[in-house]
Amino acid sequence: MHAWPLPRNRVITVRPSYPAIPPYNPHMDIAALIAQYGYAMVFLGTLFEGESVLLLAGYAAHLGYLDFVVLTGVAGLGALTGDQFFFWLGRRHGTILLRRRSALHGKVQRALDLIQKHPAGIILAMRFMWGLRIALPVAVGLSKVNRWHFFWLNLASAALWAPLVGGTGYLFGALLSRHLAVLHRVEHWVMLGLVATLLILRGYLHSRHIRS
């Protein structure tokens with residue numbers, strides 16, 4: 001076959017091919033953020049009053065963003081660490097702390113009254129007592145409860161609390177999935193709505209405790 005020669009003054013340009021840019025998907029962004037920072041946020045949240053964070057994390061575990069076993073382990077460790085810190089704070093600096101934080105004085109006194117009556121039961125249940133979550137370990141530090149006795153009871157309380165609260169969030173997600181066929185399309189909006197609702201509820205309860 002005879003190949004026709006190309007004209008000498010003709011320039012052939014090759015346009016580079018670019019991969020197609022996928023459309024923006026907020027669902028994937030939220031999933032990536034939860035998968036990357038979810039456990040760290042759960043640990044930081046459970047250092048204090050972490051029910052809200054753990055409920056949302058349990059819901060995220062149902063959606064497949066987090067592993068439920070790892071989640072409960074991280075939440076239990078965060079709760080244990082936070083309460084041990086507040087116990088140490090009460091034992092070493094409790095008097096100074098109450099002198100500087102007058103708003104905490106009444107709660108700690110109420111917690112001390114409870115601990116003197118039922119020390120073991122109150123320590124086991126303190127994670128479920130809203131409004132006294134920080135005051136109770138501080139009060140235990142001010143009491144005569146042995147530090148190792150507190151540690152083992154605190155460990156048992158954390159081991160019970162983490163799967164119970166996280167499981168509640170997980171079951172909530174399962175119920176939503178059963179009754180909402182379009183949940184997979186709006187699940188990121190459901191999660192944002194839950195965050196807003198829990199923040200408003202916690203702010204309302206906190207303001208009530210301050211007024212009381």
Estimated vicinal HN-Hα couplings, Hz - segment 150-158 in sequence order (Karplus 6.51, -1.76, 1.60; Gly, Pro = x): 5, 4, 5, 5, 5, 5, 5, 5, 5
Separation of the R110 and A40 label points, Cα + 7 Å toward Cβ, nm: 3.6
Residue-span extension gain [F48 to L33] - 0.36 nm each, minus C-alpha spacing: 3.2 nm
In sequence order, calculated HN-Hα J values of segment 118-130 (Karplus, 6.51, -1.76, 1.60; Hz; x Gly/Pro): 9, x, 5, x, 5, 5, 5, 9, 5, 5, 9, 9, 5
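Here, each number is a calculation from the coordinates, and none is a lab measurement. All values derive from a computational prediction rather than experimental measurement. Reconstructed Cβ throughout: ideal geometry from the backbone, glycine too, with neighbour counts over all protein chains shown.
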